[in-house]
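Structure first, commentary second.
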Amino acid sequence: MLSLIMVLMTAAAILAVLWPLSRRSPARSGSDVEVYRDQLEEIARDRAAGLIGEAEAEAARIEVSRRLLAAADHADRAGRSAGAGRTAWPRQAAALTALLVLPALAAGLYLALGSPELPDHPLAARREAPPEQRSIAELVGRVEQHLQQNPEDGRGWEVLSPVYMRLGRFDDAVRARRNVLRLLGPSADREADLGEALTAAANGIVTAEAKQAFERALAHNADDFRARYFLGLAAEQDGRPQEAAEIWRKLLASAPADAAWVDFVREALARVAPAAAAPPAPTAQDIEAARTLSPGERAAMVQGMVDRLAARLKEDGSDVEGWLRLVRAYMVLGERERARAAAADARRALAREPDKLKRVDEFLKGLGLEG
């Protein structure tokens with residue numbers, strides 16, 4: 001049936017090309033020229049017989065002559081057209097040959113080199129192609145079909161859930177991650193995965209259920225960075241920016257040096273406490289290195305670092321580590337009085353936090369600034 005349809009389509013295409021080539025312009029007769037010549041002779045006879053005057057005869061001769069010239073010109077064009085039609089026949093023959101011979105040659109080559117007798121490649125066999133040759137949608141469809149037949153396959157749900165997240169199918173991701181927890185049991189990563197999916201499904205809002213999932217994740221692993229970040233986000237969304245800043249500040253303090261998410265958390269911290277997101281405070285090593293610079297360069301560098309730290313602590317004085325670094329910086333620079341002033345500020349800021357205040361007192365005692 002398919003071959004018959006292709007043959008009919010080819011024939012229709014050939015006819016569409018040949019039909020205009022096969023038409024010819026109709027030939028024209030030169031009888032009009034003879035009629036006008038006879039009229040000129042008749043005018044001459046009427047003038048000789050005195051039937052018409054000289055003026056009337058001249059006007060008649062001019063009009064008939066004009067018509068005679070027009071008829072002669074038309075006949076000449078018709079003759080050239082007929083000649084062109086006769087010379088166009090070789091082109092028509094060549095077109096006819098090409099349109100008939102080329103399809104015949106193509107069909108012969110296909111029958112000789114192709115395999116028209118082979119059936120279509122089954123869909124099941126095509127699905128066995130290497131993964132790089134298959135689309136994401138096809139792979140997801142295969143896993144979904146497998147899970148319809150094996151809904152208790154926890155590993156299958158675990159494989160599928162992050163794909164749903166990347167595709168933006170957040171409701172499906174929530175369903176998949178619930179199944180993972182039900183079938184494979186809870187863990188910090190699985191609880192954080194569920195909380196993340198619930199948050200994404202709620203357009204970035206950390207819902208009460210998502211918050212509970214993150215809290216369960218921290219119960220399994222107190223260092224889970226996703227749970228800590230999202231709990232900070234929940235605090236920000238609930239109108240508690242200071243709590244969010246404290247959570248994110250501690251998260252940054254415990255972050256590995258090569259953590260890819262540090263900049264992301266810094267951006268979040270800058271939303272709720274801009275000064276708190278400043279670069280790390282100067283260490284004793286930083287200040288010692290500054291001594292190798294020229295006095296002007298050293299003063300500018302150290303002053304900038306200390307000013308940023310002091311500004312951050314002025315906005316949020318709950319960072320005990322920041323106070324210790326600030327006091328240490330003043331001591332290394334030999335500014336003992338400024339160190340004492342910073343120590344007094346730290347005691348006032350941390351007066352309601354005994355544990356932090358105890359750390360400050362012990363640190364100052366080691367530096368000889370107690371009292």
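Values in this text are rule-based calculations from the coordinates and carry no lab data. Bear in mind that the values here come from a model prediction, so they are computed numbers and not experimental data. In this analysis, Cβ positions are derived from the backbone assuming ideal geometry, glycine residues included, and neighbour counts consider all displayed protein chains.
Structure notes:
- The phi-based Karplus calculation (6.51 cos²θ - 1.76 cosθ + 1.60; θ = phi - 60°) puts the 3J(HN,Hα) values of the stretch 338-351 at 5, 5, 4, 5, 5, 4, 5, 5, 5, 4, 5, 5, 10, 4 Hz, whole numbers, x for Gly and Pro.
- Phi-based couplings in Hz for the stretch 202-212 (Karplus 6.51, -1.76, 1.60; Gly and Pro marked x): 9, 6, x, 8, 7, 6, 4, 5, 5, 4, 4
- Relative packing of 174-186, 137-149, 202-214, which averages over residues the other C-beta atoms within 10 Å, highest first: 174-186, 202-214, 137-149
- The calculated FRET efficiency for the pair Arg352 and Ala253, based on their C-beta separation and a Förster distance of 30 Å, comes to about 0.90.
- Our coupling estimate for the stretch 162-179, obtained by passing each phi through the Karplus curve with A = 6.51, B = -1.76, C = 1.60 and θ = phi - 60°, is x, 5, 4, 4, 5, 7, x, 8, 5, 5, 5, 5, 4, 4, 5, 6, 5, 5 Hz, Gly and Pro reported as x.
- Pairwise label distance in nanometres, Leu8 with Asp171, each label 7 Å out on the Cα-Cβ vector: 4.6 nm
- All other residues whose Cβ lies under 14 angstrom from that of Arg226 are scored, Lys and Arg at +1 and Asp and Glu at -1, for a net of -2.
- The modelled label-to-label distance for the pair Arg308/Asn150, using points 7 Å beyond Cα in the direction of Cβ, is 5.4 nm.
- Cα gyration tensor, the stretch 139-277 - rounded (a/c under 1.5), prolate or oblate: prolate
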